[in-house]
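The values are calculated or read from the model by the stated rules, or taken from the named source; none is laboratory data. For clarity, every value in this text was computed on a predicted model and none was experimentally measured. Quick reminder, even Gly has a Cβ in these numbers, built from the backbone with ideal geometry, and neighbours come from all protein chains shown. Areas reflect the complete protein model, heavy atoms only, side chains present, ligands, DNA and RNA absent. Shrake-Rupley method; radii C 1.70, N 1.55, O 1.52, S 1.80 Å.
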Amino acid sequence: LPKLLRQESLLPQAREAIEAYAQHAEVIDKVKRCAEIRAVMDSSGRVHPTLITVGTVTSRMAASSPNMQNYSKSNPEMRGLFIPEDGHVLISCDFAQIELRVIAAIANEKRMIETIEAGGDLHSLTGQLLGIPRQQAKTVNFLIVYGGGGARLANQLRYEISEEEGKAIVRRY
């Protein structure tokens, strides 16, 4: 909601209210995440999430209790909550756009395969081809792979684009 409202022409007092709301929402999100973690902590203060390796709707790996995949790499405050025991390390694994790599192989999509072989980024490729930022392209790639359309794309991008723009992007894709 704040992203949408920031795009509007508003009085300074309204802008201040929107910024205060956005900061409040961010704090509430942190409190909820901390509460989620505390609820599943064992007696030694450790968290042991459940990893779901098969059977998800998207066929991707998932985690629950808590969903460790929802802790943003770009948010050191949240990532800093997880500290390994002495003598141990935390690891982070990424299948590096595996769905798109499989699709490229199945479809024998030359440009995608060339990008992969050159060590390139498929989301960046999509962004260049569609004229959109990489983060939007990432959403487009996965949304379309899993059967989404223009309205869903607009929703996933929190209405940074209109539904009509979303439909146009899906058609160009």
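Table for the structure above
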| quantity | calculated |
| --- | --- |
| Odd one out for residue 128, checked against (1) within 29 Å of residue 4 (Cβ to Cβ); (2) more than 18 Å from the chain's Cα centre (by Cα); (3) not in a helix (DSSP H, G or I) | (3) |
| The lone exception for residue 23 - which of (1) closer than 30 Å to residue 162 by Cα; (2) among the polar types (S, T, N, Q); (3) touching a residue at least 12 places away in the same chain (Cβ under 8 Å) it fails | (3) |
| Only listed residue being open to solvent by 70 Å² or more (accessible area, probe 1.4 Å), small (Gly, Ala, Ser) and either over 30 Å from residue 47 (Cα atoms) or out of contact with any Phe, Trp or Tyr (no Cβ under 6 Å at 6 or more places or on another chain) (or both), chosen from 168, 96, 118 | 118 |
| Matching residues in segment 11-65 - criterion: being within 19 Å of the chain's Cα centre (by Cα), over 24 Å from residue 93 (Cα atoms) and open to solvent by 80 Å² or more (accessible area, probe 1.4 Å) | 26, 32 |
| Tally of residues being out of contact with any Leu (no Cβ under 9 Å at 6 or more places or on another chain) and in a loop (DSSP other than H, G, I, E, B) across segment 158-173 | 1 |
| Selection count where residues are buried (at least 17 other Cβ atoms within 10 Å of the Cβ) and over 15 Å from the mean Cα position of the chain (by Cα), scope segment 131-159 | 3 |
| Candidate set from segment 66-93 (those that are farther than 17 Å from residue 56 by Cβ and touching a strand residue (DSSP E or B) at 6+ places or on another chain (Cβ under 9 Å)); member that is most open to solvent (accessible area, probe 1.4 Å) | 81 |
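One line per residue, one yes/no per condition, for (1) at pLDDT 80 or above; (2) charged (D, E, K, R):
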{"residue": "42", "(1), (2)": "yes, yes"}
{"residue": "47", "(1), (2)": "yes, no"}
{"residue": "50", "(1), (2)": "yes, no"}
{"residue": "69", "(1), (2)": "no, no"}
{"residue": "80", "(1), (2)": "no, no"}
{"residue": "107", "(1), (2)": "yes, no"}
